[in-house]
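Working notes, beginning with the structure itself.
The values are calculated or read from the model by the stated rules, or taken from the named source; none is laboratory data. Since the structure is predicted, the reported quantities are computational estimates derived from the model, not experimental observations. Here Cβ is always computed from backbone atoms with ideal geometry, including for glycine, and neighbour counts include all displayed protein chains. SASA here: full protein model, heavy atoms, side chains in, ligands and nucleic acids out. Shrake-Rupley method; radii C 1.70, N 1.55, O 1.52, S 1.80 Å.
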Amino acid sequence: MTTMTRRQAATLFGAAALAGAVGLDARLKPARAASGTLAKIKARGKLIAGIANEQPYGFIDPAGKLTGANIDVLRAIMAPLGVTEIEAPIVDFGALVPGLAADRFDVIGAGLFIRPARCKVIGFSNPVTRSGGAFAVKAGNPLKLHSLKDVAANKEARFGTQTGSNQVQEAKDAGIQASQISLFDKDNEALAALQAGRLDVIYFPDVEIAGLVKAANDSGVERALPFEQMPGPDGKPFYNYHAYGLPKGDEEFAAAFNGELAKLRQSGRLLELLKPYGYTENELPPLDATAAQACAG
């Protein structure tokens, strides 16, 4: 995600997120405890889902419409629960976890990896998709960068990714020096830096990179293929699991939410909803994957 382990980095992230959530609005806490999240949402008449305005997860399209893979799936989950309206405040990616912990929204509708430290601060749905990493580079891939270790081996390579993301620690774990790394609040800001020649490579989840390259429609930028995934503890390619951030401690809401998510997966509708955003069967997690397993590390 220096020689710091993923678990140590996750602990640091959790502490930072928890610190950001210290200023909780105490007036909102009793409402959640007394009536439950779903009852509160129904009483309000809409679900509030925090997003980072990033494709393909949750974003506002040029026509001003709220859309994205996570948003479409969220609508399909919430409709059977009696909620059809979604409001999506846009915040920086790093503000999503503290924002949910502070009751600023009901769920996180962005592309968020389940991480043990985050699990200490918020709850999670069961995994919706799995994701590997990917590079976007200048056309022709001048520095021949096909893995994080390639970047680490070339001290002149300039590397960009997103503030607060898992990719930051993955880069450091791979040996990429801090002096090589530039961080951006938004993925399209990193892409712009690549296009402008200020970076040699940007690193984001695979579907996100595919979306960025497609949206850029720029012959000067391409996805670096093939790409060697970072290995996990077992030596096999390591995948992250995306899920929705849920209020911590509301097991009834989590059970109802996961129940509808499971129905979408079992019926095949989940993949139907995801396909327009570039997802394939390869991006679906194992059927038995759970938030509890991912939270345990």
- Taking K172 as the anchor, which lysines have their alpha carbon closer than 17 Å to its alpha carbon, excluding any fewer than eight residues away along the same chain? K149, K155
- Any idea how far the Cα center of segment 155-172 sits from the one of segment 51-82, in Å? 27
- Query: If you project the alpha carbons of segment 95-167 onto their three principal axes, what span does each projection cover, largest first, in Å?
  - Reply: 46, 22, 22
- Item | Equivalent ellipsoid semi-axes, segment 205-297, via Cα gyration tensor eigenvalues times 5, rooted, Å | 29, 19, 13
- Query: Taking +1 at the Cβ of each Lys and Arg and -1 at the Cβ of each Asp and Glu, which of M78, V213, T280 sits farthest along the dipole of the chain towards its positive end, judged by Cα position relative to the Cα centre?
  - Reply: M78
- Query: For H242, H146, what's the largest-to-smallest order of accessible area, 1.4 Å probe?
  - Reply: H146, H242
- Whole-Å distance linking the alpha carbon centroid of segment 249-265 with that of segment 117-146 is 25
- Query: Near K275, which lysines are there with a Cα under 24 Å away, not counting those fewer than 8 places off in the same chain?
  - Reply: K65, K186, K214, K263
- Query: Nearest-5 percent of antiparallel DSSP beta bridges in the chain?
  - Reply: 65
- Relative contact order (percent, whole number), segment 180-297, Cα cutoff 8 Å, 6+ residue spacing: 16
- Write down the accessible area per residue of the chain in Å², having rolled a 1.4 Å probe over the full set of protein chains. 44
- Item | Point-charge dipole on Cβ atoms (K/R +1, D/E -1) for the chain, about Cα centre, debye to 20 | 480
- Query: In nm, what is the difference between 0.36 nm times the number of residues separating L81 and S179 and their Cα-Cα distance?
  - Reply: 30.4 nm
- Dipole moment magnitude, nearest 20 debye, segment 72-188 about Cα centre, only Lys, Arg, Asp, Glu C-beta charged: 520
- Item | Charge context of L199, other residues only, Cβ under 11 angstrom, K/R +1, D/E -1 | +1
